[in-house]
Each structure stands twice: as C-alpha cells, then as structure tokens.
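Novice: Pasting a structure here, questions to come.
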Amino acid sequence: MALKKRIIVTLAAVLSIMFVFFGATKVQAARTDMVDVSNNNGAMTVSNFKNMHDSYGVKAVAIKISEGTSFKDANAASNISAARSAGMYVNGYHYARYSSVSGAIAEADYAAKLAQSDGLPSGAVLATDVESSEQSGLSVAQNDANNAAFMNEVAKYGYRSVIYTMGSWVGYKMSVSQGWIASYPYNPTGKEWYTTEHAWQWSSTYKFSGSSGNFDVSELYDDYFTKYSAPTTTSSTNTNTSATTDGSANSSSSTVASKNVIKVNNTTGDYVPLMALQSDGTMQRITNRALGNNTSWQTDQTKDVNGVKYYRVATNEWVAANFLAGATTNSGSTSTVTTGVIKVDNSASYAVKLEALQSDGSMKEITNRALANNTSWKTDQTKDVNGVKYYRVATNEWVNARYVIGK
C-alpha cells in the first residue's frame, strides 16, 4: 500500500509538471495571417496553399514578382494561380534595387507589367521590398522620394503598394507610415509588434507541414492585404532638397506636402503645359502631354523652384502656379518638411505626451508611451492641424509645439 501510494504521488507530480510545461506552450504566438513565397520556395501547389489556409489560418500570400529591372521570378505565375485556387488573397512584391526616382519608376514599370502578365489580380498589393545595399547609403529624403515614385507608378497599373522594410530602418533610413515591417523576436509568443502598421513579419524560418523549406510569415493588423481595391497615389513624406530625380543634391528648391484639388486654365493657349523636375533642380517642359483647360486635378505637393511655385499632379509632372484657376484644400492640415533637433518639456507633468495622426486628419493621444522631460529628439517634419503645430519625432508620433523649448 505504501509503495502504491508513492507511485500515485510520483505519477501525480509528473502529471503536474507536464501540465505546467505543456500548458505554458499554449500561450498564443503571433498569427500566421500571411506567408511570403519566392523563388527560394520553388513551385507551390494548390494543396500546399490549401493546407496553409485550413490548418494554419493563413489568409493571404505575398508572391515575389521581380527584382531590379532584369530578374523575373519564374514561379510567380504558377504560384499566383495555385494560391487563388486555394482561396487565398494574393499579393505580390518587388525586391527594390533603385537608388533614384527615375530608377524607382523604371522598376515599378517592370514589376507591374510582369505582375499583370503573371495574373496578379487588379487591386492587389504590389509591395516594394526596400532593404538592399542600394538604399542603405541614401538619405531619408532620397529613399522617401524613391519609394513614393515607385508606389505612384504601380498605381497606374491598378495595384496598391506599401513599403516593406526592416524595423531598424524605419525612421532611420526612410519614413514609413502604415507599412509592412520585418522584425524577428527571439520568442514570438505573446508578442504584437508594430501594431500601427498594416503588417508585422515576425519570422523568416517558419515551417508548414507538406511544404519544404522555410517561409516568412506575418501577422496582419487590418484588411489591407485581404481585399482588392482601387489604388490611390501617395507622396513622399520626407522630401527635401537632397531628394532629386537621379539622387543628386539640389539646393534651389523646397517642397511642402499638402493634399489639394486644383483647377487649371491657360488663358493664352489651348492647354496647360506640364513641367518635369530635373536632376540639377531646374524645371523642363514636357512636350508629349499636357492638361486640358478648366480641368481639376489632385495635387499632393508644392515646390518652389527659383521663386516659381509648382503643384505636382503626377509622378514628376508639375504645373506652374500661374496656371491655377483656384486651389481648394481637402484637408485641415498641411505638412512641411524640415530637419533638426528639438528639446521637449512638460512643466505640468512628468512626461511629454505623444499624438498620432488619424485618417480623418485629427490627432489622437498615444497612451502607452511618451517622451521624458528635458530630452532632445530629431524631427523631420512639422504639421499644422487645425491651427496647432506638431513636430514628428518617429513614424506617426508627433509632439505638440507647446512642449518644444525655444520654438
């Protein structure tokens, strides 16, 4: 009996240890909402994707389309077809090699044309994967201008776009607002990073039963990758005098980001001429296209070049202010590119609160982090929202000017 009791006690202890051990492993890890597929994974089958969808909860796939202006993923078309047949939302991505605006446009044309021929659905995401050596040595302003040019160009083909990059590059190598960010924790259990972005890629070594090799997997925070919708153009969020069409420096112009609708008219001609910004900072007339008189156009930037104000209406297509019949604003805020260091202090509290810009143009307080008093921060942009000036100190993190010392 004593031996039997000892056996029972020992068994109970073992079961308790097993419960604690295995119970702890049931803490929810980051979700596998989306998987990346490239030439490294080879040709996938419908059953591969269906197993990912049914057994792992994968809802979307991002398939490599191209790289630079010469590499085409040979498996892209078949992988797109297989993923669609398995009921997945299908998106694509292009591995960027560009280092200038003109290079970004060329790569966008190459990627989008291949995406169309490979069967990528209209309205899908065609992301720009920006992490190569070509971008590592560029300024934030130049990378921002290049990325905006790529995304605007692919929109012409019916695709939405987003920046994919590593977390360490955000705000340091480029500005990213609602992007797709890669950052790999040692243990993803219970983690949710970059929740203000569209997606967080949290592993590059995930394995799926029935599929060979390692896969990149991401957790999605909204429906950006799980819908097909019409694209909208974007503007560089950090364009200044060091960002030009070929990456060379230019000090004769300044740029202000502001969403407006302008109406144009040429009282002395049959059409309104368009201008293109050159690498030396000058404007040159575009001779093969123009705008009709008394037509309205959306503009996302203004640029002053040698005392003349221009409005951007497409990628590197500008209209001189003297052809405006009247400009009307669509938002209650304007952004001005600026660089510098600010010192912040809140005399009424122990910390300086941060605010985030909302989709309706208003600001909302960030409740889970703030800035310490009497600390200095690099800023790359100011924004006036309903008469209040804010300084940007991180991706969508803004400080009210009243907390800035000496401003």
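The values are calculated or read from the model by the stated rules, or taken from the named source; none is laboratory data. These numbers were taken from a predicted model, which means no experiment stands behind them. Every residue, glycine as well, gets a Cβ built from its backbone with ideal geometry; the counts of neighbours run over all protein chains shown.
Novice: What is the number of the single condition among (1) part of a loop (DSSP other than H, G, I, E, B); (2) under 16 Å from residue 101 (Cα atoms); (3) of a type in the set (Phe, Trp, Tyr) that residue 208 does not meet?
Specialist: (2)
Novice: While we're looking at this one, here's another question. Return the pair list, or none, for Cβ contacts closer than 8 Å from residues in segment 279-298 that are surrounded by fewer than 15 Cβ atoms within 10 Å (Cβ to Cβ) to residues that are of a type in the set (Lys, Arg), at least 6 apart or on different chains.
Specialist: Partner pairs satisfying both residue conditions: 294/263; 295/263; 296/263.
Novice: Might you check whether a residue that is modelled with pLDDT of 85 or more, part of a strand (DSSP E or B), surrounded by 15 or more Cβ atoms within 10 Å (Cβ to Cβ) and outside the structural domain of residue 101 (by TED's automatic domain parsing) occurs anywhere in segment 321-341?
Specialist: Within segment 321-341, none of the residues are modelled with pLDDT of 85 or more, part of a strand (DSSP E or B), surrounded by 15 or more Cβ atoms within 10 Å (Cβ to Cβ) and outside the structural domain of residue 101 (by TED's automatic domain parsing).
Novice: Ok, one more. Has segment 182-191 got any residue that is of a type in the set (A, V, I, L, M), at pLDDT 80 or above, outside any strand (DSSP E or B) and in contact with a Gly (Cβ under 7 Å, 6 or more places away or on another chain)?
Specialist: no
Novice: Restricting attention to segment 83-117, which residues are among the polar types (S, T, N, Q) and either crowded, with 24+ Cβ neighbours inside 10 Å or closer than 18 Å to residue 41 by Cβ (or both)?
Specialist: Within segment 83-117, 85, 91 meet the criteria.
Novice: Quick one: which residue in 140, 130 is surrounded by 20 or more Cβ atoms within 10 Å (Cβ to Cβ) and touching an Asp or Glu at 6+ places or on another chain (Cβ under 9 Å)?
Specialist: When all the criteria are applied, what remains is 140.
Novice: Let me ask you something else. Quick one: count up the residues across segment 112-151 that are hydrophobic (A, V, I, L, M, F, W, C) and more than 15 Å from residue 315 (Cβ to Cβ).
Specialist: 11
Novice: Then there is this: Would you list the helices (runs of 4 or more DSSP H) that sit entirely within segment 43-132 and hold 1 or more residues that are within 18 Å of residue 162 (Cβ to Cβ) and touching a His at 6+ places or on another chain (Cβ under 6 Å)?
Specialist: Those helices (runs of 4 or more DSSP H) span 101-118.
Novice: Which condition number does residue 154 fail, the rest of (1) in contact (Cβ under 8 Å) with a residue 60 or more places away in the chain; (2) more than 15 Å from the chain's Cα centre (by Cα) being met?
Specialist: (2) is the only condition that residue 154 fails.
Novice: Residues in segment 351-377 that are outside any loop (DSSP other than H, G, I, E, B), surrounded by 15 or more Cβ atoms within 10 Å (Cβ to Cβ) and of a type outside the set (A, V, I, L, M, F, W, C): how many?
Specialist: Total meeting the criteria: 2.
Novice: For residues in segment 49-79 being of a type in the set (Val, Ile, Thr) and closer than 24 Å to residue 112 by Cβ, which is farthest from the chain's Cα centre (by Cα)?
Specialist: 69
Novice: Scan segment 66-96 for residues that are within 19 Å of residue 224 (Cα to Cα) and either touching a residue at least 40 places away in the same chain (Cβ under 8 Å) or touching a strand residue (DSSP E or B) at 6+ places or on another chain (Cβ under 7 Å) (or both) and report the count.
Specialist: Residues meeting the conditions: 10.
Novice: For segment 361-390, name all the residues that are small (Gly, Ala, Ser) and closer than 18 Å to residue 347 by Cα.
Specialist: Those that are small (Gly, Ala, Ser) and closer than 18 Å to residue 347 by Cα: 370, 372, 376.
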